[in-house]
Amino acid sequence: MNAEDDSRLASDPTQLDFAAKCARNVQPRLQAHYVRLFTTLKRPGRSTTDALVALAREKIDEAKDLFLEEIRTPDGKTFLQFPKHISPLLGDAWTFAPIRMVLDAYQKRPAGQNEVSQDHIEIVQLSLLWSLLLFTDQMTLFYTTINPNDVYVRIGEVFLMGQQLSGDEVVQQCVARFQQEYLITQGMKGLLKLSILKPITGLDNFISYYEDLMARFEEQGDGFPEFIIHILIGAYLNASIQDSLLTIRALWSNKRSILRLSTIPSAEVNALIEKIVHLRKTQMPTIAEYYYEAYSHMISQYASAVKMSKEDSLKERNQGTVMFALAKAELDVVEGDEECFVFH
């Protein structure tokens, strides 16, 4: 069968009607399966010493109230279903969807009234805890129904609402867990694909969102390592090399002070930089062939940063920044791969 035959088959009214009937029959069963998860996961499949997972299981009833709504039929019967704005069948990181709802409410507040309420903190906690429980106990389901791009965006929205939320102990622990065990892992596998100019996770484009993240970091300073880790993941672990280089260029812009503000307070930041170096080494042949000019410009920025850090009166502090560590690491990669890059 050729492409033309395929096209006729795909547009055949009988085939389309059959597909629609199948979807109508399957969707209710799938919805019911997801609803039952709130009962299934209440019973631990195995013992655990993970306090965060134990807390997530304790909070299942509250998560159930957050994610499901009770519907009463004309004959007086009731059943549970997901509201229209949360759909496990459509993806979009459904377990993280309440975070976007909280952000929408946060952004609608009048200027100067931008504090996050306790109710909103609890909603984000429940969303993250439920996501963590699904990730831990139903890993296959999580990986097949959740897109890492969507998780990256939703986690980042936590930081957009300020330190009152991102600094909450439960929220901070959950964010760190998803960064270390999911986002970085997916990024190293080449599964984090953030196209800077195309729509993503309900946003018009990624770069505007990323610029909001950078601006927020500069407003509140170097408070939590998870924030700078999130910014670095979006720039350096993006599988689209061209988009990654453009995002890195925005991060290193002279108009930005993020990397100069951020010191290296944790082993996690250092570990991420090591992973970035490992990933860069695997990318060098592709970069040398297709993105030589863009990468050369970036290397020049790195060289200037290292020189400035060594000459500045605040030399000791500068050399403890993320900016210096990243620049030195990238330059070491280039020096070790002279066959790919020759600078004049």
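The values are calculated or read from the model by the stated rules, or taken from the named source; none is laboratory data. Please read all numbers here as calculations on a predicted model, not as lab measurements. Cβ: placed from backbone, ideal geometry, glycine included. Neighbour counts: every protein chain shown.
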Seminar exercise, completed: The correct count of residues that are buried (at least 23 other Cβ atoms within 10 Å of the Cβ) and in contact (Cβ under 8 Å) with a residue 60 or more places away in the chain in the stretch 166-178 is 2
For this session: State yes or no: is ILE248 over 16 Å from the mean Cα position of the chain (by Cα), surrounded by 18 or more Cβ atoms within 10 Å (Cβ to Cβ), over 25 Å from LEU165 (Cβ atoms) and not hydroxyl-bearing (Ser, Thr, Tyr)?
Result: yes
Problem set entry | Subset of the stretch 129-184 (residues that are among the polar types (S, T, N, Q) and over 12 Å from the mean Cα position of the chain (by Cα)) | SER131, THR136, GLN138, THR140, THR144, THR145, GLN163, GLN164, SER166, GLN172, GLN173
For this session: Only residues that are acidic (Asp, Glu) and in contact (Cβ under 8 Å) with a residue 40 or more places away in the chain: list them for the stretch 197-252, please.
Result: ASP212, GLU218, ASP222, GLU226, ASP243
Exercise. Quick one: how many residues across the stretch 266-284 are within 12 Å of LEU232 (Cα to Cα) and of a type in the set (Val, Ile, Thr)?
Worked result: 3
Seminar exercise, completed: Screening SER257, SER240 for residues that are in contact with a Lys or Arg (Cβ under 8 Å, 6 or more places away or on another chain), assigned by the TED database to the domain that holds SER166 and not hydrophobic (A, V, I, L, M, F, W, C) leaves only SER240
Exercise. Any idea how many residues of the stretch 243-259 are more than 14 Å from ALA294 (Cα to Cα) and among the hydroxyl-bearing types (Ser, Thr, Tyr)?
Worked result: 1
Exercise. Given the conditions (1) modelled with pLDDT of 85 or more; (2) over 20 Å from the mean Cα position of the chain (by Cα); (3) surrounded by fewer than 17 Cβ atoms within 10 Å (Cβ to Cβ), which single one is not true for TYR295?
Worked result: (3)
Exercise. Of the residues in the stretch 70-106, how many are modelled with pLDDT of 90 or more and either loosely packed, with under 13 Cβ neighbours inside 10 Å or β-branched (Val, Ile, Thr) (or both)?
Worked result: 4
For this session: Quick one: ASP137 ticks every box in (1) more than 28 Å from ASP212 (Cβ to Cβ); (2) without any contact (Cβ under 8 Å) to a residue 60 or more places away in the chain; (3) surrounded by 15 or more Cβ atoms within 10 Å (Cβ to Cβ) except a single one, so which number is it?
Result: (2)
Exercise. Are any residues in the stretch 261-281 in a helix (DSSP H, G or I), in contact with a helix residue (DSSP H, G or I) (Cβ under 8 Å, 6 or more places away or on another chain) and of a type in the set (A, V, I, L, M), and if so, which ones?
Worked result: LEU261, VAL269, LEU272, ILE273, ILE276, VAL277, LEU279
For this session: Identify the single condition in (1) free of Cβ contacts under 8 Å to residues at least 24 places away in the same chain; (2) among the acidic types (Asp, Glu); (3) part of a loop (DSSP other than H, G, I, E, B) that ASP119 does not satisfy, given that it satisfies every other one.
Result: (3)
Exercise. Is there a residue in the stretch 124-131 that is surrounded by 11 or more Cβ atoms within 10 Å (Cβ to Cβ) and without any contact (Cβ under 8 Å) to a residue 24 or more places away in the chain?
Worked result: no
Exercise. When you go through GLU219, GLU274, GLU226, GLU268 one by one, which is the residue that is crowded, with 19+ Cβ neighbours inside 10 Å and either within 27 Å of VAL175 (Cβ to Cβ) or of a type in the set (S, T, N, Q) (or both)?
Worked result: GLU226
For this session: For ILE241, indicate whether it is closer than 25 Å to MET284 by Cα, of a type outside the set (D, E, K, R) and buried (at least 18 other Cβ atoms within 10 Å of the Cβ).
Result: no
